[in-house]
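Inspection log for the structure reproduced underneath, given as structure tokens.
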């Protein structure tokens, strides 16, 4: 079976950045499972998976616009440390605002907190090495729920 909309796809992957640094891998874990066409993986990888079959291996380069997006300068902000109400704020910390936006503390310097609200992989060209391990038709329930059920997927 070939990967098409509403296929359940299982695959192993290794993800590197443009400098070859390992960002993520499924090695040592179950294959990743997703519902094709459901927007559960980055669009650039999903597009390249279309038409592939069990046993296929591929190398995919995904530009930022089709991955986690370009860096948005509006999401890089400087805030006075006083805005944190006396809490200790350190580089590397993350927090979520009431609108569910996640911000990372990039630097604390001279009474200012430099924040980044971009996804950590925004602006990064992604290099995937993929091996498709299984493809099957999704059940009606999986399509209705918008995700894979069972092994490697969601469990209710």
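Residue pairs whose Cβ atoms lie under 6 Å apart, sitting 6 or more positions apart in sequence or on different chains, and linking a residue in region 142-156 that is buried (at least 16 other Cβ atoms within 10 Å of the Cβ) to a partner that is assigned to a helix (DSSP H, G or I) and at pLDDT 90 or above, are 148/142; 149/142. Of the residues making up region 107-119, just one is free of Cβ contacts under 8 Å to residues at least 24 places away in the same chain and either within 27 Å of residue 16 (Cβ to Cβ) or in contact with a helix residue (DSSP H, G or I) (Cβ under 7 Å, 6 or more places away or on another chain) (or both), namely 107. The set of residues in region 41-52 that are within 20 Å of the chain's Cα centre (by Cα) and crowded, with 16+ Cβ neighbours inside 10 Å comprises 41, 42, 44, 45, 46, 48, 49. Annotation note: Cβ proximity below 7 Å between a residue of region 63-81 that is loosely packed, with under 13 Cβ neighbours inside 10 Å and a residue that is in a strand (DSSP E or B) (sequence gap 6+ or interchain) occurs for 78/112; 78/114; 80/112. Report yes if some residue within region 22-31 is closer than 24 Å to residue 150 by Cβ and part of a strand (DSSP E or B); otherwise report no. Yes, that holds for at least one residue.
In region 18-31, the residues that are over 18 Å from residue 42 (Cβ atoms) reach residues that are assigned to a loop (DSSP other than H, G, I, E, B) with C-beta atoms within less than 8 angstrom, at least six apart or across chains, in these pairs: 30/151; 30/152.
For every residue, the table says whether it meets (1) closer than 16 Å to residue 134 by Cα; (2) in contact with a helix residue (DSSP H, G or I) (Cβ under 9 Å, 6 or more places away or on another chain); (3) surrounded by fewer than 17 Cβ atoms within 10 Å (Cβ to Cβ).
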{"site": "2", "(1), (2), (3)": "yes, no, yes"}
{"site": "6", "(1), (2), (3)": "yes, yes, yes"}
{"site": "9", "(1), (2), (3)": "yes, yes, no"}
{"site": "26", "(1), (2), (3)": "yes, no, no"}
{"site": "54", "(1), (2), (3)": "yes, no, yes"}
{"site": "61", "(1), (2), (3)": "no, yes, yes"}
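The condition (being touching a strand residue (DSSP E or B) at 6+ places or on another chain (Cβ under 9 Å) and more than 30 Å from residue 12 (Cβ to Cβ)) is satisfied by just one residue among 63, 107, 131: 107.
The values are calculated or read from the model by the stated rules, or taken from the named source; none is laboratory data. None of these values were measured; they are calculated from a predicted model. Positions of Cβ are generated from backbone atoms using ideal geometry, with glycine treated the same way; all protein chains shown enter the neighbour counts.
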